[in-house]
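The values are calculated or read from the model by the stated rules, or taken from the named source; none is laboratory data. These figures come from a predicted structure and were not determined experimentally. Every residue, glycine among them, receives a Cβ derived from its backbone with ideal geometry; neighbour counts consider all protein chains shown. Side chains are part of the model used for accessible areas, which takes the heavy atoms of the whole protein and leaves out ligands, DNA and RNA. Shrake-Rupley method; radii C 1.70, N 1.55, O 1.52, S 1.80 Å.
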Amino acid sequence: MSAAHKQLTDQTGAEFSSADLAGKVWMGAIFFSNCPGPCFRENQAIAGILESIDDPDFMVVSLTCDPENDTPDVLRRYADRFEADPARWKFLTGELALIKVVGQGTFKLPVELGVHSERGVVFDRQGRLRGGYHLLQPDRVAELEKLIRQVLAEPAEPAGETP
């Protein structure tokens, strides 16, 4: 793969594009499948949020910070532990340099090989970062859910087309 052709790949092996998030409310998080504990609990919290907010306009993007080990096949098996619907919960891998760009630039979370934040960050339908909360504290997860519901309830802004 040439350096010019950088991409992220989901747990089904499909190329992921940020266009998949257009018009959706979504949450981003950083994890890795070999994480000794916090990531599993973080993803249990995310699975609970997805179950609680059963809205096709809400998606989760979980980005690995260990792409060397987290191949699409490893991510698929990991996602299956949470009964993750690949249409609503994307587990993404790719080159670490690209993951750092997305994690630090878009998610505004620290990303290093095997090092991550335990926060979930919420984006509105226009792709604006609206807030983030710690995923390992039940009271923070409740606040995160509340934020997602508020953002989902906002009307979608028109695409700026003139009549």
(request) Express the accessible area of the chain per residue in Å², computed with a 1.4 Å probe while the remaining protein chains stay in the model. (result) 51 Å²
(request) Determine the principal axes of the Cα atoms in region 74-163, then give the extent along each, sorted from largest to smallest and rounded to whole angstroms. (result) 48, 32, 25
(request) Mind telling me which of Asp55, Asp66, Asp20 comes out most flexible in a GNM of the chain, alpha-carbon contacts under 10 Å? (result) Asp20
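Would you kindly state the longest site-free stretch of the chain, with sites defined as GluC sites (Glu not before Pro) in a DSSP loop (not H, G, I, E, B) surrounded by at most 16 other Cβ atoms within 10 Å?
Longest run free of exposed loop sites: 1-67.
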(message) For a quick size check, give me the Cα extents of the chain along its three principal axes, largest first, whole Å.
(response) 47, 40, 26
(message) So in the chain, which Cys have no other cysteine's beta-carbon sitting under 4.7 angstrom from theirs?
(response) Cys65
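On the accessible surface of the chain, probed at 1.4 Å, how many percent belong to carbon and sulfur atoms?
Answer for the chain is 51 percent, counting heavy atoms of protein chains only.
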